[in-house]
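Single-structure report; data block below.
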Amino acid sequence: GGSSEATPLALAFASIRGSRTDAVVVPEGYVAQVLIPWGTPLDNSVGAWSADRRVTPEYQAASVGMNHDGMHNFALSEESASREFIMALNNEYIDQSALWAPQGGPTNAKEGARPADEARTEINAHGVTLVKLKLGSDGQWNDERGSRYNRRLTSATPIELAGPVRGSDYVVTAYSTNGTRTRGTNNNCANGFTPWGTYLTCEENWPNVFTKASGRYKDDDRLGVPTGRSRYGWETAQGGTNGEFARFDATPSAASASGDYRNEPRTFGYVVEIDPYGNTASVSTETAALKRTHIGRFRHEGCWPGKVIEGEPVVFYTGHDSRNEYIYKFVSKAKWDPQDANRPGQDYDRLAIGAKYLDEGTLYVARFNDDGSGDWLPLTPDATTRDGRPLWQALELANERDLAGVIINTCDAADFMGATPMDRPEWGTVDPSSGEVYMTLTNNSKRTAEGTAATYTNGGSDVEELGVGYATAPVNGPNPRPDNEGGQVIRWHEPSPAGTSFEWEIFVFGAAESDADNYSGLTELNQFASPDGLWYDDRGDGKGILWIETDNGYDKVTDYTNDQVLAVVPGSVSRGPGDKAVIDAADQAQLKRFAVGPNGCEVTGIFATPDKTSLFINIQHPGNWPANPGASVQDATVATSGEVRPRASTVVIRKRDGGEIAV
Ligand code: FEO
Ligand code: CA
Ligand code: CA
Ligand code: CA
């Protein structure tokens with residue numbers, strides 16, 4: 001607001017100290033409100049939440065899902081955008097002990113058959129929640145129960161496949177013998193949005209809901225589909241029709257793929273596009289959602305649009321969150337037409353616009369060179385691998401037209417092209433005026449000085465043990481610290497977003513064991529580790545605030561603070577990989593701790609209203625919070641006393657005087 005070109009943005013709050021309490025702690029002059037905790041009913045069909053509520057499949061399908069992660073706001077009009085909007089919210093995974101607290105825990109969690117209604121409830125607790133939110137005249141936000149926009153997509157919702165994989169033999173199942181549909185989206189971690197007004201939700205740790213004992217594909221191993229019982233054992237539930245539970249067991253059981261679910265895992269691992277306004281014109285399902293397969297198949301963290309330029313392709317950045325996996329970019333074939341920009345609240349076919357920009361284009365993977373340059377390597381069947389073969393031959397595909405085969409095997413394709421293995425890419429964000437891209441690299445326990453040989457035989461179910469392109473990767477320019485517990489934020493700049501070259505630098509390094517490795521000179525007032533959530537908050541005139549959220553288990557930091565939200569005004573950083581003191585010392589005071597979450601949580605998901613007076617974050621997997629979950633309005637700075645049934649929640653942070661956040 002209102003600052004001139006000559007005045008640098010300044011963070012007008014005092015960095016807060018670390019905190020280890022069951023509260024959301026915010027700076028002096030700010031207040032935090034708990035909103036839409038897990039289980040909040042979306043309509044009046046299922047009654048009210050209570051702490052001893054026994055959650056049924058029907059209740060969960062009509063209420064807010066579990067473990068809030070990425071989220072985005074969709075305006076109903078330009079004029080009302082800061083007072084009301086549709087919230088699209090990912091529900092990444094479940095906390096079984098909280099879900100089944102009234103009965104003392106899940107039934108047969110580790111062995112034996114799961115009861116069908118427990119499996120259905122857990123399936124319905126995953127996915128995406130759409131809910132209308134409104135700001136009251138009292139300065140408190142509320143959800144609008146019964147709004148026409150309120151709905152759920154779960155891990156059972158019919159969703160169509162779109163792009164190169166649609167209709168291919170790779171995705172034929174007993175449910176969809178022509179390979180055009182699947183059921184559900186799950187483990188939706190981070191997110192994104194499009195310039196045409198749709199939501200992108202990204203499938204991350206989905207391999208773990210499947211099992212495949214035999215008949216395994218290379219990609220089952222590469223991505224880590226378990227060989228034994230799946231994470232929640234849904235495949236063991238009895239009853240149901242049309243493969244309701246059988247589909248989670250991908251072991252071949254029939255003569256051909258059209259008789260079983262051997263290909264079911266190949267219908268997951270995508271970026272899913274949702275029309276938050278609910279127009280279903282483009283889809284045969286009732287869900288207004290499509291899996292956009294051209295953006296690649298792996299454990300997507302999120303998917304973020306690059307700088308939007310009239311007459312240029314539209315680009316999206318996405319990362320694979322596993323140790324030593326890669327960063328990708330999708331470049332549309334179609335050039336951006338400003339007539340396709342979102343018209344808030346109007347009812348028209350946004351998914352047809354999505355097809356134009358997301359179903360045809362080129363997927364690239366990033367190579368970060370040690371000299372500070374970088375290259376985008378195309379993942380097309382005719383691309384030449386680093387050992388000089390056509391990519392389709394290296395992948396042992398049937399022919400040079402098999403783009404679907406490249407997509408199904410995205411990670412192997414990236415290996416063959418010579419991509420740079422990263423320290424677990426999590427969130428990205430783009431400065432919309434400069435086009436600079438930021439991405440968190442959260443940590444990496446499989447980074448060593450020398451590296452060890454690649455292995456492609458990982459069939460385990462432990463998420464933390466994946467990153468199967470390399471057993472351990474050697475340190476490299478953008479990932480210079482072995483056994484990296486602190487993580488870092490990388491930034492790159494492309495002369496043209498649709499081009500194939502870029503320049504990169506490390507924006508800031510997280511905490512380190514020794515002072516010598518504390519490259520960014522962090523102090524107790526801004527020390528952090530395992531950066532995860534990230535958002536460039538554009539404040540106009542080419543100025544903005546980069547918000548960083550953490551999901552940390554590094555004791556160097558957990559010893560004195562829970563997970564947190566930091567703000568930094570991106571200033572001058574010294575360029576070049578050889579210079580590790582990344583943020584100039586004069587700018588260190590501009591990296592400040594803004595909020596700290598309750599015990600046991602991670603802080604994730606972030607956006608602000610256009611007027612910058614309300615900042616929304618999510619508290620995921622809290623251990624014993626919030627204390628007063630029945631209230632729609634709560635000062636979250638009040639700490640919990642006693643035991644509560646924990647509920648992941650959105651938290652809205654506002655200034656007590658209603659002014660602009662952070663400045
Ligand atoms: Fe679900 Fe990579 O965080
Ligand atoms: Ca994350
Ligand atoms: Ca994380
Ligand atoms: Ca998480």
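The values are calculated or read from the model by the stated rules, or taken from the named source; none is laboratory data. Note that the structure is a prediction, hence the values are computed from the model and not measured. In this analysis, Cβ positions are derived from the backbone assuming ideal geometry, glycine residues included, and neighbour counts consider all displayed protein chains.
The figures follow:
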{"item": "Options 252, 195; residue that is within 21 Å of the chain's Cα centre (by Cα), surrounded by fewer than 20 Cβ atoms within 10 Å (Cβ to Cβ), part of a loop (DSSP other than H, G, I, E, B) and more than 16 Å from ligand 1 (Cβ to nearest atom)", "result": "195"}
{"item": "Candidate set from the range 198-224 (those that are of a type in the set (Phe, Trp, Tyr) and not in a loop (DSSP other than H, G, I, E, B)); member that is farthest from ligand 2 (Cβ to nearest atom)", "result": "199"}
{"item": "Subset of the range 233-249 [part of a loop (DSSP other than H, G, I, E, B) and either crowded, with 23+ Cβ neighbours inside 10 Å or not assigned by TED's automatic domain parsing to the domain that holds residue 346 (or both)]", "result": "233, 237"}
{"item": "Breaking point among (1) at pLDDT 95 or above; (2) in a loop (DSSP other than H, G, I, E, B); (3) more than 14 Å from residue 593 (Cα to Cα), for residue 520", "result": "(1)"}
{"item": "Residue identified as in contact with a helix residue (DSSP H, G or I) (Cβ under 7 Å, 6 or more places away or on another chain) and outside the structural domain of residue 608 (by TED's automatic domain parsing) among 101, 125", "result": "125"}
{"item": "Of all residues in the range 530-553 being within 15 Å of the chain's Cα centre (by Cα) and either surrounded by fewer than 21 Cβ atoms within 10 Å (Cβ to Cβ) or part of a strand (DSSP E or B) (or both), the one that is nearest to ligand 4 (Cβ to nearest atom)", "result": "532"}
{"item": "Top-ranked residue of the range 510-557 - restricted to ones that are within 16 Å of ligand 1 (Cβ to nearest atom) and out of contact with any strand residue (DSSP E or B) (no Cβ under 7 Å at 6 or more places or on another chain), ranked as nearest to residue 11 (Cα to Cα)", "result": "552"}
{"item": "Of all residues in the range 296-327 being within 13 Å of ligand 1 (Cβ to nearest atom), under 24 Å from residue 405 (Cβ atoms) and of a type in the set (Gly, Ala, Ser), the one that is modelled with the lowest pLDDT", "result": "322"}
{"item": "Candidate set: the range 282-315, residues that are among the basic types (Lys, Arg) and crowded, with 20+ Cβ neighbours inside 10 Å; chosen: the one farthest from residue 348 (Cα to Cα)", "result": "299"}
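Residues checked against (1) at pLDDT 95 or above; (2) buried (at least 22 other Cβ atoms within 10 Å of the Cβ); (3) away from ligand 1 (no atom under 16 Å from the Cβ):
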site	(1), (2), (3)
598	no, yes, yes
604	yes, yes, no
629	no, no, yes
637	no, no, yes
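Residues are listed down the side, and each one gets a yes or a no for (1) over 17 Å from residue 248 (Cα atoms); (2) within 16 Å of ligand 1 (Cβ to nearest atom):
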residue	(1), (2)
92	yes, yes
99	yes, no
104	yes, no
108	no, no
118	no, no
126	no, yes
130	yes, no
